[in-house]
Amino acid sequence: MLSRIVFALSVVLGACGGDDGSTPSIDAPAGATCTNATYDPCTTNTECTSNNCHLFEMAGIQVCTAPCTPGDNSTCPVDASGVNGVCNNMGTCKPAVANDCTR
């Protein structure tokens, strides 16, 4: 019985390996690559065309952002949800959601 389990396990593991029997690599999910556009996720200012990476702590997102006219949401680009970002009192556009892209 144990030999059957070992054999079955070796068949399964062998099918998962590459042609040379090595461990397979795990590919990242397919998706758009970030282009440093407004509302792309970021960690530093240099990852943004606007040179402005901003953490919106309460929303749990850190994105490239753009300047705007406080209180006038029409001065913010449309975000991934399809509506204009919100222009806060500091003149910074805040999206409802970050763009769905990877770095």
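Brief remarks on what is shown
- With a cut-off of 15 Å on the backbone N, the residues of segment 55-81 near the modelled label site 7 Å out from residue 103 along Cα-Cβ are 55-56, 61-65.
- Sorting 57, 47 from the fewest to the most surrounding beta carbons within 10 angstrom yields 57, 47.
- Exposure proxy ranking for 50, 81, based on other Cβ atoms within 10 angstrom of each Cβ and starting from the fewest, stands as 81, 50.
- Within the shell defined by Cβ-Cβ distances under 14 Å, the residues around residue 95 carry a net charge of -2, with Lys and Arg each +1 and Asp and Glu each -1.
- In nm, spacing of pseudo-spin labels at residue 69 and residue 43 (7 Å Cα→C-beta vector): 3.8 nm
- Taking a Cβ cut-off of under 14 Å around residue 35, the surrounding Lys, Arg, Asp and Glu residues balance to a net charge of -2, with basic ones at +1 and acidic ones at -1.
- Inter-site label distance for residue 96 and residue 57 at 7 Å from Cα along Cβ, in nm: 2.5 nm
- Once backbone amide H atoms are built at 1.01 Å from N, residue 56 has 61, 62, 63 as its partners under 5 Å, excluding neighbours fewer than 5 places away on the same chain.
- Summarising the amide proton neighbourhood of residue 92: residues at separation of 5 or more, or on other chains, whose placed amide H is nearer than 5 Å comprise 68.
- In this structure the amide hydrogen of residue 84, modeled in the peptide plane, comes within under 5 Å of the amide hydrogens of 79, none closer than 5 places in sequence on its chain.
- By other beta-carbon atoms within 10 Å, ranking 48, 76 with the fewest at the front produces 48, 76.
- Within-15-Å neighbourhood charge of residue 50 [Cβ basis; K, R +1; D, E -1]: -2
None of the figures in this text is laboratory data; all of them are computed from the coordinates on show. This is a predicted model, so every value here is computed, not measured. Neighbour counts are summed over all protein chains in view; Cβ atoms, including those assigned to glycine, are modelled from backbone coordinates with ideal geometry.
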